[in-house]
Every structure is written in structure tokens, then in C-alpha cells.
Amino acid sequence: MSIRLQTLMFVTLAGVAALDATPALAQPYTMLLKGGHVLDPKNGRDGVMDVAIADGKIAEVASSIDAAKASKVVDARGLYVVPGLIDLHAHVFHGTEPDAYLSNGMVAVPPDSHSFRSGQTTLVDVGGAGWRSFPQFKAQIIDTSKTRVLSFLNIVGAGMRGGPAEQDLGDMNAKLTAMRIRQHPGVIVGIKVAHFNGPEWDPVTRAVEAGTEADVPVMIDFGGHTPPLSLDELLNTRLRPGDILTHTYAHVRGRHPIVNEQGQVEPFVLAARKRGVIFDVGHGGGSFLWRQAVPATRQGFFPDVISTDLHTGSMNAGMKDILNVMSKLLNLGMPLNDVIRANTAKAASVIKRDDLGHLGVGTEADVAVLAVRKGDFGFIDSSGGARMAGTQKLECELTIRAGQVVWDLNGRAAADWTTVPATPQGTARPARRTQP
Ligand SMILES: [Zn+2]
């Protein structure tokens, strides 16, 4: 109702201003984000610009676009307008199966309940489903969510079910994993190895084999092996350029930390970056420590991609949401443009989805409008909750998915209530009800 009223108002204004224009051409845009600071690293945009949307796509980005051309105008002054954020490490294969952990279990969360409120339009589930459980993941979550959900298949065919299932070398089949990926190009965008604690390299070897066959990267959650396996060997011998180490700033038993006891980033870690290995945050409930992140970033070792490792164990602890994790990096000195790049253009290129993560004309209109709040803030890590003070914090004002407003913190895209007619809303109630 409010949109229609606004439409009428703008049609009238446009009609006065441009008598010669036909009404259809007068308002080619469904939405105009006006006066925001556009950060679109892939397209080199960094400045105050207007962004117009039509037919669910980015229609025009320019220093000034006439407000009369749009049926809805959103004032974005003082805010940052960025591509819809991509979370490269989330767990959203939510289900109700007892003891199924992150594969149709209750530790994973439903995507739409977390994504849009943090400016995220794409969540990548890493390892929830394996080649055998992917059809259920697709039917249950991918096809029913408004959020764009992509998948890294677990090298374990059954997926990330926890316990013995994740130790079963007999259920790690490179050929069938690659076959499933080729059935869903662009939706399955990688392969995950996690939680294996045996002495063998086989899970990594098979994931890389499948990744080579299907032309996708692998992501490794490393550590916990008995006896320990070498992180240097993983990063510099086993992985290919473009493959991903997640939990970069972790210090857990059974995995070499990236910052050594002398406080220096290990030379073999720097060498791995040089050869193109991708370093992901993967904050989670136990994988982001100030004791690692502060010295590493002081030496310039910032992450390539910033992700949450979202699940019920991280969302109410130090991680919270993607904007909180991005705010940590901002307060550690990572420039805002680089923080945004890590969650947009860079994340998209890592998963070979270069259609995502930017505001190029003609791309699907996934947009986040963010505020950078200034003040006294505190951020806690995953070591049991050590605090670091900060002065900046990102907040999501508005999220647009395929041209539709899906999150609007302060009603910036809504009409004032006094302009809305006092008519009944929605459909008539059914004649018989069992609930009052
Ligand atoms: Zn994870």
C-alpha cells in the first residue's frame, strides 16, 4: 500500500517536471539509493554515488540520478552502500535430526534468520552436506530460502554429522564428490575437509583430487591429528593456489598456530600466501584469538576473506554475526574498503562466482546499506571471552536481495505511517478459527 502511494506521488511530480515523457519511461527504476558512499571494490567505486535498481537488477550507478526516475527513493546519506555480503563459512543445513550436528541437525541454523539482518545475501554452507546428503540439503534449505545458499560438499559422503561418521575414510569418495558437484555447477562451489583426526593425509588428498576434477577450491579445517600433521606441508605442498585455510587466527591443540612463540607470523605461512593459498577467518566458537589476530595483523597479515563459522555455538558468543567479525578487523586496522572487498569481490572470486559481490550494471541487485558507528565498543574473542576495545562498529541499515527490501532497521525504505491510508490490511480472517 505504501509503495503504491509513493508511486502515485512520484508519478505526479514526474509528470509536472517532464511533460513530454511517457509515464512508463518517466520511472524506469523501482528503487533509488540516493547519496550513499558506494564501496564497490571490484568496479573501483569509492565515493558518494546513487544506485538505481530495476527488474531486480542494478540498473545505473552514477554521481547523480534524478529522483523522479524512481518509484521509491531511499535516503542513504551518511551510510555506505556496498554489494550484498557473502559469508564464505556458515553452517545452515538446519534440521531436526537428533545427534546430526551440522548436517540436518540442530547446531546448524536456518539461513534467513541470520543473513539479511547482517547485510548478507549469500551464505556458503561449508561441509554440512556430502555427496549423498546434498539432495536433501538442496530440497530442504537451498530451494526454500530467500538467502542465496551455496555449498562446499564435505569430502565425507554423509556430511558433517560429527563423531565417527567424520572419521570414516571408507565414506570419502573423490569421484562421486566430483560427480555431484558437476550436477550442480555454481551451487556447489567447493569441498570441505574438517574434523578428521587420523594420521593420514587421505581426506586432503581426495578433496584436492575431487576439486581438480570438478574445478572448485577446497577448504581445510585443520588440526587435531594424532600424531600431528604439518601445517607447512598442508599449505605449501598439499594445497593448490586458490585453496583455503579456514580458522586462520585459531590456536587449538593439535594445530600449529600461524603466529609462533616469538610472536612472528611463520615464514611458511607467508610463503603459502605468496603461492596463492587463501586465508579465511572462520571465527566460530573457538577459532579467533586476539593473541593470534593482533600480532598477525600488526605484521600486515590480514585475512583474504572474513567469515563467521555461524552455528549455535558461535552466534551468542564472541562471533555474534558477520558485521561484528568485520568490525574486529576494522578495529585491527584493516581499511574499510579491504574489509568490504573481503566479503564481496574477493569471496566471490574464491568460489568462482564473479557474477556476485559487486554492483555492476546488469547484475542481480543484492545490496547492503551499512552504518559505521563511532563510539566506545568492546569485542570478545573465542578464548573464553578476552576483550579488545574498539571505536568503530558496522551496523546494517538496509538489505536488498534481488531488488527486494529484506531488512530495514529504521524503516528507511518505508513510507511514514501518516501517509498510509487507514484501510484494513491483509486478507480476511477465515470464518472458523481454533485460536483467538
Ligand atoms: Zn565451520
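Ignoring ligands, DNA and RNA, what percent of the accessible area of the range 334-379 is carbon or sulfur (1.4 Å)? Don't skip to the answer; put the middle values down first.
Details: 770 of 1640 Å².
Roughly 47 percent, rounded to a whole number.
Could you pull out the pairs from LYS34/LYS374; LYS72/LYS320; LYS192/LYS352; LYS138/LYS175; LYS34/LYS320; LYS72/LYS146 whose alpha carbons sit more than 25 Å apart here?
Values: LYS34/LYS374 22 Å; LYS72/LYS320 32 Å; LYS192/LYS352 16 Å; LYS138/LYS175 20 Å; LYS34/LYS320 30 Å; LYS72/LYS146 22 Å.
Cα-Cα > 25 Å for LYS72/LYS320; LYS34/LYS320; rest within.
Calculate how many DSSP beta bridges within the chain are antiparallel, expressed in % of all such bridges and rounded to the nearest 5. List each step's numbers first, then the result.
Working: 35 of 67 bridges.
The antiparallel fraction comes to roughly 50 percent.
Give me the percent relative contact order of the chain, please, defined on Cα pairs under 8 angstrom at least 6 residues apart. All intermediate terms of the calculation are to be shown ahead of the outcome.
Numbers: 1027 pairs, mean separation 73.2, N = 436.
Computed value for the chain: 17 percent relative contact order.
Provide the per residue accessible area, probe 1.4 Å, for the chain, rounded to a whole number of square angstrom.
Working: 18610 Å² over 436 residues.
Averaged over the residues of the chain, the accessible area is 43 Å².
Collect residues whose amide H, placed 1.01 Å from N in the peptide plane, falls under 5 Å from the amide H of LYS72; neighbours closer than 5 in sequence don't count.
MET31, LEU32
How much accessible surface area, in Å² rounded to 10, belongs to the heavy atoms of TYR101 with a 1.4 Å probe?
Roughly 90 Å² of TYR101 is accessible to a 1.4 Å probe.
From the protein chains alone at 1.4 Å, what is the descending order of accessible area for ASP171, ASP215, ASP376, ASP243, largest first? Can you show the working numbers first?
On the way: ASP171 20, ASP215 100, ASP376 150, ASP243 0 Å².
Reading off the accessible areas and sorting them downward yields ASP376, ASP215, ASP171, ASP243.
Please find, in a Gaussian network model of the chain (springs between Cα atoms separated by less than 10 Å), the residue of GLY170, GLY403, GLY190 whose mean-square fluctuation is greatest.
Among GLY170, GLY403, GLY190, the largest mean-square fluctuation in the Gaussian network model of the chain belongs to GLY170.
What does the charge count near TRP407 come to, summing +1 for each Lys or Arg and -1 for each Asp or Glu among other residues with Cβ under 13 Å from its Cβ?
Residues close to TRP407 contribute a combined charge of -2.
Using a 1.4 angstrom probe with every protein chain in place, what is the largest-first accessible-area order of VAL405, VAL208, VAL81, VAL48?
Working: VAL405 55, VAL208 25, VAL81 0, VAL48 95 Å².
The ranking, largest first, comes out as VAL48, VAL405, VAL208, VAL81.
If one takes the longest principal axis of the Cα atoms in the chain, at what angle in degrees, from 0 to 90 and to the nearest 10, does the Cα axis of helix 202-214 lie?
Helix 202-214 sits roughly 40 degrees off the main axis of the chain.
Report, ordered by chain and residue number, the aspartates and glutamates lying within cross-link reach of LYS393, taken as a straight Cα distance under 16 Å and ignoring same-chain residues fewer than 8 apart.
ASP321, ASP338, ASP376, ASP381
Given H placed on each backbone N at 1.01 Å, which residues far from TRP407 in sequence or on other chains put an amide H within less than 5 Å of it?
THR399
THR96 to GLU233: extension gain in nm, 0.36 nm per residue of separation minus the Cα-Cα distance? Please report the intermediate quantities before stating the final value.
Numbers: separation 137, 0.36 × 137 = 49.32 nm, distance 3.87 nm.
Using 0.36 nm per residue and subtracting the Cα-Cα distance, I get 45.5 nm.
Calculate the FRET efficiency for LYS146 and LEU169 from the Cβ-Cβ distance with a Förster distance of 35 Å, rounded to the nearest 0.05. Intermediate results must be reported in sequence, preceding the final value.
Working: r = 38 Å, r/R0 = 1.08.
The value I calculate is 0.40.
Taking 0.36 nm per residue of separation and subtracting the Cα-Cα distance, what length does fully extending VAL48 through GLN264 add? The partial results should precede the final answer.
Details: separation 216, 0.36 × 216 = 77.76 nm, distance 3.95 nm.
That works out to 73.8 nm of additional length.
With each label point set 7 Å from Cα along the Cα-Cβ vector, what nm distance links ALA271 and ALA62?
5.4
The values are calculated or read from the model by the stated rules, or taken from the named source; none is laboratory data. Small disclaimer: the values here were computed from a predicted structure and weren't measured. FYI the Cβ positions are ideal-geometry reconstructions off the backbone, even for glycines, and counts take in every protein chain you see. The area values use the complete protein model at the heavy-atom level, side chains included, leaving out ligands, DNA and RNA. Shrake-Rupley method; radii C 1.70, N 1.55, O 1.52, S 1.80 Å.
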